[in-house]
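The values are calculated or read from the model by the stated rules, or taken from the named source; none is laboratory data. Model, not experiment: these values are computed from the prediction. Backbone-built Cβ (ideal geometry, glycine too); neighbour counts: all protein chains shown. The accessibility values were calculated without ligands, DNA or RNA, using every heavy atom of the protein model including side chains. Shrake-Rupley method; radii C 1.70, N 1.55, O 1.52, S 1.80 Å.
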Amino acid sequence: MSSENESGNSVVASKPCLSESQVIRLAESLFNLKASGVKPLPSYDDQNFYIRAENDGTCDCTEYVMKITNGEDSKNVELIEAQTHVMMFLSNVGIPTPRPVFTNTGKILSYEAIGNGSATQKHVVRLLTYLPGTPVAKIVATPDILFNIGRMAAVIDESLNKEFHFSNKKIFDRGDFIWNLSNTPLLRNYVHAIKEERLRDLIEGVIKQYETSVAPNLKNFRKCINHGDLNDYNILMQKTSTSVGRDQYNVSGVLDFSDMSEGYYVFEVAITIMYMMIESSDAICAGGYVLAGFESVIELTKEERDALFTLVCCRFAQSLVMARHSVLLCPQNEEYLMITAKTGWKHLVTLTETGKEAVEKVWSETARSYNSEAH
């Protein structure tokens, strides 16, 4: 997901544009890594490259991802350092996250001046271990998979809240960061990108619902640091076995910590539910399985549960509006930017037409049924 903010034009304009040969040179000069293969990976506004390295016998890992952050976000080196420390922490407590490879000078990142045509920009460059697996978007997400993803979302937030010790955790208080659900009203600054009046009206209805039913109750929600982007491409699964004709999977990777911000437990489960609905053949029920998994670790309060439906709609609104806005700025990246939109509008319409009470009933009954069968 993008780290799009009020300076969204700057973020898109500052997307790095390195060639594979430049990446090979950076790998060697910064990390003493001799690359034997390089290929680009999809990214919203940064550049990511898969790197296979020659094994010199000193390291078991021969696969890496180099991340080159866009020039605008690279200005906040301290935030990127904090995100990288979170990845190391979660890896240490058993969550499968990429780990940084230290530079030749012993740092977790490098701040590099990189030429792009006639211009030169400074970009944060990191080398991370590569995690194997298949994105959730590419497999059939069974109830067990959805439950485990919901549970993992809760474990991430709970671990960060209770065990993560960092000198400047306030760095995650990101103000008007557009992807924080508390900033849903800021979507009005971007809704001009949606040309269809009925869809603009739909988004305005979601924003008003947030302002009237959620915003006044934020003080009653439990705070934490959110991953903020547990989408179906940021969660990797690996097959463990096949039984009764059905493949069994475990989570093998959690990727992309660039949208981390201070939020609330209920934000994380709402975001996770929204993304797990995208590819599901039974989208509303999918939310119930995710909720059951999340509440197996963190049970939502009455106030948090009451806000969940609206917050799921808010995340759909954020994703759909910002995708349209970003396509206006970067039309050549439309295919990647519009992944969620392929089914997202349909799901948001279905949610609003079905209504809060009916959807919450399905979520509750699905979660209760899953828990009964599991035990």
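Brief remarks follow.
- Meets criteria (at pLDDT below 90 and either open to solvent by 70 Å² or more (accessible area, probe 1.4 Å) or polar (S, T, N, Q) (or both)) for Asn9: yes
- Residue in the stretch 162-181 that is surrounded by fewer than 22 Cβ atoms within 10 Å (Cβ to Cβ), at pLDDT below 95 and touching a Lys or Arg at 6+ places or on another chain (Cβ under 8 Å) present: no
- Top-ranked residue in the stretch 193-225 [being out of contact with any helix residue (DSSP H, G or I) (no Cβ under 8 Å at 6 or more places or on another chain) and farther than 30 Å from Lys169 by Cβ; ranked as least open to solvent (accessible area, probe 1.4 Å)]: Glu196
- Qualifying residue in the stretch 277-287 (condition: more than 15 Å from the chain's Cα centre (by Cα), under 30 Å from Pro100 (Cα atoms) and open to solvent by 10 Å² or more (accessible area, probe 1.4 Å)): no
- Checking the stretch 262-272 against the condition returns no match, with no residue being among the polar types (S, T, N, Q), surrounded by fewer than 20 Cβ atoms within 10 Å (Cβ to Cβ) and at negative phi.
Residues are listed down the side, and each one gets a yes or a no for (1) over 17 Å from Phe177 (Cα atoms); (2) not charged (D, E, K, R):
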{"site": "Ala215", "(1), (2)": "no, yes"}
{"site": "Met237", "(1), (2)": "yes, yes"}
{"site": "Tyr249", "(1), (2)": "yes, yes"}
{"site": "Asp259", "(1), (2)": "no, no"}
{"site": "Ser296", "(1), (2)": "yes, yes"}
{"site": "Thr301", "(1), (2)": "yes, yes"}
{"site": "Phe309", "(1), (2)": "yes, yes"}
{"site": "His325", "(1), (2)": "no, yes"}
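- Meets criteria (farther than 30 Å from Arg174 by Cβ, at pLDDT 90 or above and not charged (D, E, K, R)) for Asn32: yes
- Residue within the stretch 127-136 that is at pLDDT below 95, out of contact with any Pro (no Cβ under 7 Å at 6 or more places or on another chain) and over 18 Å from Pro96 (Cα atoms) present: no
- All positions within the stretch 269-304 that are charged (D, E, K, R) and in contact (Cβ under 8 Å) with a residue 40 or more places away in the chain: Glu279, Glu295, Glu303, Glu304
- Test: Asp157 is surrounded by fewer than 17 Cβ atoms within 10 Å (Cβ to Cβ) and within 29 Å of Glu295 (Cα to Cα): no
- Every residue from the stretch 75-128 that is within 18 Å of the chain's Cα centre (by Cα) and among the hydroxyl-bearing types (Ser, Thr, Tyr): Thr84, Ser91, Thr97
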